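Reading through the structure tokens given below for one structure.
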Amino acid sequence: MGNCQAVDTARIVIQHPNGKEEKLSCPVSASYVMKTNPGHCVSLLISTTALSAASSGQGGPLRLTRIKLLRPTDTLVLGHVYRLITTKEVMKGLMAKKCSKLKKQGKVSEDQLKVMEAISSTKLDNEDKLDTKRQEKERSRILRSWQPSLQSISEGGSS
């Protein structure tokens with residue numbers, strides 16, 4: 001006889017920032033996902049377990065989850081979990097990485113780091129304001145209903 005069990009097919013899982021999970025059954029490009037979710041970047045979740053001296057005393061290995069940003073040309077593969085991250089969060093992470101790198105090299109003082117962080121946060125806030133203005137404009141355009149412009153016609157009776 002045949003095998004009657006339901007086969008669980010491999011799918012692409014995309015986790016949205018609001019908690020929603022989108023499941024796709026065929027490979028798609030990262031650019032497609034970014035176009036359908038403007039203002040977001042696609043990242044791959046990579047789970048690893050590490051055995052450290054501190055965690056061995058606590059009774060188990062330490063589980064680490066890293067994220068890898070994908071290029072628009074990359075293809076999402078079946079069976080993997082991806083997460084959408086806002087571009088604002090990506091920029092914050094990149095600036096923090098850049099500041100820590102400069103700090104380690106000793107090229108920048110603490111005061112200069114604070115100034116750089118303030119400038120980057122101001123830029124991000126300005127981008128956020130522009131994004132909300134654009135969304136409000138789109139929303140008002142959608143909510144506005146069509147109203148016909150009709151002219152009145154006089155009813156004249158001919159005798």
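Please return the ranges of helices (runs of 4 or more DSSP H) entirely within segment 1-113 where 1 or more residues are modelled with pLDDT under 80 and under 29 Å from residue 132 (Cβ atoms). Steps first, please.
Numbers: elements: 30-36, 53-56, 87-105.
So the answer is 87-105.
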So which pairs qualify, if the first residue must be in segment 23-40 and at positive phi, the second must be surrounded by 14 or more Cβ atoms within 10 Å (Cβ to Cβ) and not charged (D, E, K, R), the Cβ gap must be under 9 Å, and the two must be at least 6 apart or on different chains? 39/86; 39/87
What do you reckon, is residue 140 loosely packed, with under 14 Cβ neighbours inside 10 Å, at pLDDT below 75 and not acidic (Asp, Glu)? yes
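The values are calculated or read from the model by the stated rules, or taken from the named source; none is laboratory data. On a predicted model such as this, the values are computed, not experimentally measured, just so you know. Don't worry about glycine lacking a Cβ; one is built from the backbone with ideal geometry, like all the others, and counts go over all protein chains shown.
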